[in-house]
Amino acid sequence: MSPTAFALVILAGLIHASWNIAAKKAGGDARFAFFTSVVMMLLWAPLGWWAGRGVVGQWGGTEWAFVAVSGVLHVLYYVTLLRGYRRADLTVVYPMARGSGPLLSATVAIVLLGEQLSALGALGIAGVAAGVFLIAGGPGLLRAAHDPARRQRVHKGLLYGVATGAFIASYTVVDGYAVKVLLLSPILVDYLGNFVRVALLAPAVLRDRTTAAMLWRRQWKYALVVGAISPVSYVLVLYAMQTAPLSHVAPAREVSMLFAALIGGHLLGEGDRVLRLFGALCIAAGVTALALG
């Protein structure tokens with residue numbers, strides 16, 4: 001992985017952890033996902049127009065199909081993530097989602113796309129996997145054995161984290177193919193996919209407009225934060241994918257968990273902070289091995 005691609009992934013990780021903390025604090029559902037999608041659509045319209053002029057008109061069915069599939073997968077990912085945040089700790093859901101997703105997508109990239117992984121890169125993935133186990137509270141599951149409420153909360157966090165990770169792996173492979181093989185603009189893949197997200201999430205708002213309006217008054221600040229900065233983190237990752245192997249970029253995104261453990265654990269007051277910080281350090285070491293490999 002080149003230094004430029006590595007720097008893009010690190011910056012994207014910091015931004016990604018930040019907007020996930022905002023989403024966790026919002027405690028929203030599909031309606032919050034709609035709010036953030038509308039903010040993205042409006043706020044980033046000038047950039048979307050600039051990137052799409054003279055380009056979108058030349059797209060065929062294949063390009064639009066990938067944008068549509070990307071939009072659907074992002075909706076499923078986001079709604080599952082938000083539900084997990086309502087029912088479990090961020091420092092369980094987020095690491096499991098960020099860890100399982102890229103590891104799955106890296107595996108797909110190696111098996112189906114023919115990408116190569118060095119011994120050091122494989123060691124890096126192992127470090128990421130070990131870090132995910134620790135930061136998700138692996139040893140804590142034993143301590144939770146005699147506390148049914150705590151055990152159930154951890155189990156829900158693991159379940160929603162892995163489910164979210166599966167969607168992350170899916171959209172990472174789809175979007176990676178779009179920017180690496182179809183040579184689509186990362187900006188357009190993310191921005192136009194957002195229109196699909198708005199259309200799919202609109203019924204959740206229209207079913208009960210009174211409640212939606214109440215939720216908007218309560219959550220608009222968080223929606224503004226997520227809508228403003230989340231596209232930046234993902235577009236940076238897509239640009240990194242254009243110059244570096246997907247099997248390296250995807251696991252390297254796990255550096256965001258280091259930021260989540262440091263920032264989120266403190267702001268949200270979630271337990272096992274030392275253990276999860278150590279797990280985040282394992283992930284950072286794995287990321288470094290991936291960058292060198």
Filtered residues of segment 78-131 (kept if small (Gly, Ala, Ser), modelled with pLDDT of 70 or more and open to solvent by less than 10 Å² (accessible area, probe 1.4 Å)) = 84, 88, 97, 121, 124, 131
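Which members of segment 43-62 meet the condition of being open to solvent by 40 Å² or more (accessible area, probe 1.4 Å) and touching a residue at least 60 places away in the same chain (Cβ under 8 Å)? Lay out the reasoning, then the answer.
Within segment 43-62, the first condition is being open to solvent by 40 Å² or more (accessible area, probe 1.4 Å), and the residues that meet it are 43-44, 46-47, 49-50, 53-55, 57-58, 61-62.
Result: 43, 44, 47, 55, 62.
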inquiry  = Filter segment 210-229 down to the residues that are open to solvent by less than 10 Å² (accessible area, probe 1.4 Å) and either closer than 15 Å to residue 14 by Cβ or among the aliphatic types (A, V, I, L, M) (or both) and list them by number.
reply    = 212, 223, 226
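So which residues in segment 1-49 are assigned to a loop (DSSP other than H, G, I, E, B) and out of contact with any Leu (no Cβ under 9 Å at 6 or more places or on another chain)?
Here is the first cut: in segment 1-49, the residues assigned to a loop (DSSP other than H, G, I, E, B) are 1-2, 27-29, 44.
Listed by number, the residues that qualify are 2, 44.
Which is β-branched (Val, Ile, Thr) and surrounded by 20 or more Cβ atoms within 10 Å (Cβ to Cβ), of 72, 9? Talk me through it step by step, then tell me what you get.
On the way: 72 fails: surrounded by 20 or more Cβ atoms within 10 Å (Cβ to Cβ).
None of the others qualify; the one that does is 9.
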task = Please specify each residue of segment 170-186 satisfying the condition of being β-branched (Val, Ile, Thr) and open to solvent by 10 Å² or more (accessible area, probe 1.4 Å).
result = 173, 174, 181
query = Assuming residue 17 fulfils every condition listed in (1) in contact (Cβ under 8 Å) with a residue 60 or more places away in the chain; (2) open to solvent by 30 Å² or more (accessible area, probe 1.4 Å) apart from one, which condition is it?
reply = (2)
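The values are calculated or read from the model by the stated rules, or taken from the named source; none is laboratory data. What you see is a predicted model, and the numbers here were worked out from it, not measured in a lab. FYI the Cβ positions are ideal-geometry reconstructions off the backbone, even for glycines, and counts take in every protein chain you see. Ligands, DNA and RNA are stripped out before the accessible areas are found, and what is left, the full protein with its side chains, is counted by its heavy atoms. Shrake-Rupley method; radii C 1.70, N 1.55, O 1.52, S 1.80 Å.
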